[in-house]
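Colleague: Below is the structure I would like to discuss, written out as structure tokens.
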Amino acid sequence: MIELQNIRKIYQVGEEEVRALDGVTLTVRDHEFVAIEGSSGSGKSTLMNIVGCLDTADEGSYYIDGQNIMDLSEHDLAVMRNKKIGFIFQQFNLLPKLTASENVELPLIYQGLPGKERKLRVEESLTKVGLENRMFHRPNQLSGGQQQRVAVARALATHPSLILADEPTGNLDSRSTRDIMDLIHTLHRQGNTIMLITHDHSIAMEA
């Protein structure tokens, strides 16, 4: 599914050259659950952004399902993100004025799906994460763990082939962390390919 070869990403900070990624090679096969572990500033989020087509590498090659990502335009990268990749972020990234249902529906609108299918997918995704009774709550009416579940449902709704989770438990208490990790394991058992970024060794060991 994912094939990275000699990926390099360099940032210029003032007069200093920062090598965020320096020759990263990585293969992730279909249906694997892989963790990328590292301390703050080690480049793991930069790697996640490149894998998620949110950024591009300065050097190297990157293929998803045999397609060369380095040759894609900005528009094509956006299409790739929307159709193949589901994102789960540490900060949840929910729109505060939208309900849980509306947050999950948003990427489906970008996909151009008709309203009836969007409604079915939203209900299906929120039910999978146990929030069928919280569909019309806004983020400030939900706990941190519930907000992260909405983020997971949003990632699932587009039926992605790859789920990228960037520190998905970083802002959660121990109980909510366990709930989210159990949910990620369930998604993996259902056939999803998962790449998880974490600084927590105990979380990484679950991959």
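The values are calculated or read from the model by the stated rules, or taken from the named source; none is laboratory data. Worth saying up front: this structure is predicted, and the values here are computed from it rather than measured. Please note: Cβ atoms are built from the backbone with ideal geometry, for glycine as well, and neighbour counts cover all protein chains shown. Surface accessibility is based on the protein's heavy atoms, side chains included, excluding ligands, DNA and RNA. Shrake-Rupley method; radii C 1.70, N 1.55, O 1.52, S 1.80 Å.
Colleague: Taking the highest mean first, how do the peptides 181-187, 86-92 order by number of other beta carbon atoms within 10 angstrom per residue? Let's see the in-between values first.
Modeller: On the way: 181-187: 17.0, 86-92: 20.7.
The packing order, highest mean first, is 86-92, 181-187.
Colleague: Within 10 Å of each candidate Cβ there may be at most 12 other Cβ atoms; applying that plus a DSSP loop requirement, which trypsin sites (Lys or Arg not before Pro) in the stretch 3-40 survive?
Modeller: Numbers: sites: Arg8, Lys9, Arg19, Arg29; in loops: Arg29.
Here the sparse-neighbourhood loop sites are Arg29.
Colleague: Using the beta-carbon distance between Val34 and Ile109 and R0 = 35 Å, what value does 1/(1 + (r/R0)^6) give for FRET efficiency, to the nearest 0.05? Intermediate results must be reported in sequence, preceding the final value.
Modeller: Details: r = 30 Å, r/R0 = 0.87.
Efficiency at R0 = 35 Å is approximately 0.70.
Colleague: Here's something else I'd like to know. Among the GluC sites (Glu not before Pro) in the stretch 1-81, which ones are in a DSSP loop with at most 12 other Cβ atoms within 10 Å of the Cβ? Mind listing them? Working shown, then result.
Modeller: Numbers: sites: Glu3, Glu15, Glu16, Glu17, Glu32, Glu37, Glu59, Glu74; in loops: Glu15, Glu32.
Qualifying residues, ordered by number: Glu15.
Colleague: Can you give me the accessible area per residue for the stretch 153-207, using a 1.4 Å probe, in Å²?
Modeller: Spelled out: the 1.4 Å probe surface of the stretch 153-207, per residue, equals 40 Å².
Colleague: Does anyone have the angle between helix 144-157 and the longest principal axis of the chain? Alpha-carbon axes, 0 to 90°, nearest 10?
Modeller: The angle comes out near 80 degrees.
Colleague: Under a Cβ-Cβ cut-off of 12 Å, what is the net charge of the residues other than Leu98 that fall near it, where Lys and Arg count +1 and Asp and Glu count -1?
Modeller: On the way: positive: Lys97, Arg138, Arg154; negative: Glu102, Glu105.
Computed value for this residue: +1.
Colleague: Restricting to DSSP H runs of at least four residues, report the calculated mean residue ellipticity at 222 nm for the chain, -39500 (n - 2.57) per run over all residues, nearest 500 deg cm²/dmol. All intermediate terms of the calculation are to be shown ahead of the outcome.
Modeller: Working: 7 runs with 79 residues, N = 207.
The helix-only estimate for the chain comes to -11500 deg cm²/dmol at 222 nm.
Colleague: Within 14 Å, Cβ to Cβ, of His31, how many net charges do the neighbouring residues add up to if Lys/Arg are +1 and Asp/Glu are -1?
Modeller: -1
Colleague: Heavy atoms only, probe 1.4 Å: what % of the accessible area of the chain goes to carbon and sulfur, would you let me know? Could the numbers behind the result be given before it?
Modeller: Working: 4890 of 10420 Å².
Its accessible area is 47 percent carbon and sulfur atoms.
Colleague: Could I ask something else about it? Using only Cα atoms, tell me the angle between helix 115-128 and the longest principal axis of the chain; keep it within 0 to 90° and round to the nearest 10.
Modeller: It works out to around 90 degrees.
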